[in-house]
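Take a look at the structure set out below.
The values are calculated or read from the model by the stated rules, or taken from the named source; none is laboratory data. A quick note: this is a predicted structure, and the numbers were derived from the prediction, not measured. Glycine also receives a Cβ, built like all others from the backbone with ideal geometry; neighbour counts cover every protein chain displayed. Accessible surface areas use protein heavy atoms only, side chains included; no ligands, DNA or RNA. Shrake-Rupley method; radii C 1.70, N 1.55, O 1.52, S 1.80 Å.
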Amino acid sequence: MDILNIIKKTLKKKKETIILDLYIKDYDKSNFYFAVVFNKKIEKFKVLYVPIDAIDCESNIEEYFCYQFIFIHTVNYLLETINSIDNSEMNLIRDNSEMNSYYIEINTNVDSKECKYTFTQFIDKDFKFLFEIIVTLFEHLPNIVNELCSKILSEFNDNSEKFKYTGSYDFDFENNKLEDLFDEKVIKNCKYKFTDIEFLEGVGERYYSIINDKIIIIDFSKFNNLINISSPNYYSLGEEVYIIMKAIFDKIEKRFYRLMVAHDKQDFLEDRANYYLCYGVEDDFFKVVNSNNEKLELDLLKKERVKILNPDRELEEKLKSYLSEKYEDKLVDEIINYTFMR
């Protein structure tokens with residue numbers, strides 16, 4: 001029997017009704033169950049915390065249940081929020097069916113109105129009605145899961161960088177070999193060479209790369225011996241990811257252009273600019289690694305809102321070509337000299 005069913009059967013025996021629950025499966029190799037329950041014996045609402053990974057004996061699973069009482073006015077707020085959910089939003093799936101890890105499941109049961117939501121990695125921003133529910137729930141949980149709350153709600157934080165994983169695998173970066181991760185056919189038949197990688201740069205334990213003008217991101221978690229891959233255009237263990245991993249192992253680096261984008265010139269002086277990894281220009285925009293799909297217009301150059309930290313001749317020529325169609329040569333040179341930090 002699966003652990004989730006055992007937990008729910010145990011709650012039923014204890015005469016505790018589940019109002020809402022949150023199930024976290026294989027999230028950074030961790031598993032949790034949280035719930036708001038009503039205890040019929042004492043007629044009180046409580047928040048339940050179950051660290052599933054700590055359970056080593058299902059026969060006395062109740063020993064692993066941790067509770068925190070919750071005020072009735074807080075519960076009423078949760079009930080009002082749940083009851084306000086539109087019928088069209090009662091059962092929605094946004095999880096990645098090809099990936100079992102980073103699974104998030106939320107269930108509510110109020111006045112026979114049952115709703116179920118599933119996500120992968122984080123809750124999508126358009127589900128605003130779930131934000132307050134999750135925040136309120138975590139306010140009554142141990143501080144040890146605060147970081148988890150931040151991660152699953154990261155979509156609501158405009159300043160956080162978030163990319164959907166398409167694959168998650170056990171991998172010890174120090175001791176495993178690529179042969180332990182990739183199929184033999186992928187390795188043997190790989191059509192790519194290092195020269196096909198346009199950009200590759202590591203920032204901490206995360207590697208950003210561009211191949212075929214597409215973004216592939218690889219996260220190494222050395223603490224958990226885990227590798228997470230964001231490769232929406234290619235199979236997570238395909239040839240494109242393999243050649244990038246091989247380049248990482250061979251310590252090859254092809255640095256991105258660095259953009260500094262500010263609201264005004266004063267921001268540059270006070271170091272308030274936003275930084276972006278850039279891999280060229282297309283039409284009227286900079287191509288940037290950006291999880292928010294934000295587009296940066298080339299017209300920002302004229303407004304003196306962009307500085308480029310490590311330009312090369314290729315990028316300079318492209319920007320000059322774009323600017324020359326709009327401005328005189330003297331102004332083009334002024335813009336380039338202001339923008340490029342050589």
If R0 = 35 Å, then residue 258 and residue 68, at their Cβ-Cβ distance, give a FRET efficiency to the nearest 0.05 of 0.15
Would you mind telling me the share, in percent, of accessible area of the chain contributed by carbon and sulfur at probe 1.4 angstrom?
45 percent
Calculated FRET value between residue 294 and residue 233, using beta carbons and R₀ = 22 Å, to 0.05:
0.70
Given the pairs 251/320; 177/287; 25/191; 191/254; 8/116, which are separated by over 25 angstrom at their Cα positions?
251/320; 177/287; 25/191
Estimated vicinal HN-Hα couplings, Hz - segment 189-198 in sequence order (Karplus 6.51, -1.76, 1.60; Gly, Pro = x)
9, 4, 8, 9, 10, 4, 5, 7, 7, 7
If you place +1 on the Cβ of every Lys and Arg and -1 on the Cβ of every Asp and Glu, how big does the dipole about the Cα centre of the chain come out, in debye to the nearest 20?
700 debye
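Considering only protein heavy atoms, what per residue accessible area in square angstrom results for segment 225-342 with a 1.4 angstrom probe?
55 Å²
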Once the dipole of the chain is set up with Lys and Arg at +1 and Asp and Glu at -1 on Cβ about the Cα centre, which of 45, 176, 157 lies farthest towards its positive end?
45
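Quick one: of the DSSP bridges fully inside the chain, what percent are antiparallel, nearest 5?
The antiparallel proportion sits near 95 percent.
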So, for segment 103-221, what is the accessible surface per residue at a probe of 1.4 Å, expressed in square angstrom?
50 Å²
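Give the shape of segment 1-93 as rounded, prolate or oblate, defined through the alpha-carbon gyration tensor: a ≥ b ≥ c are the square roots of its eigenvalues, a/c under 1.5 means rounded, and otherwise the shape is prolate if a/b is larger than b/c and oblate if not. Could the numbers behind the result be given before it?
Numbers: a/c = 1.99, a/b = 1.28, b/c = 1.55.
Verdict is oblate for segment 1-93.
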Taking the chain and counting helices only, DSSP H stretches of n ≥ 4 at -39,500 (n - 2.57) each over all residues, the nearest-500 ellipticity at 222 nm comes to -7500 deg cm²/dmol
Among all the lysines, which ones have a C-alpha under 19 Å from residue 15's C-alpha, if same-chain residues fewer than 8 places away are not counted?
40, 41, 44, 46
Go through segment 302-308 residue by residue and turn each phi into a ³J(HN,Hα) via Karplus (6.51, -1.76, 1.60, θ = phi - 60°); whole Hz please, and just put x for glycine and proline.
5, 7, 6, 10, 10, 10, 10
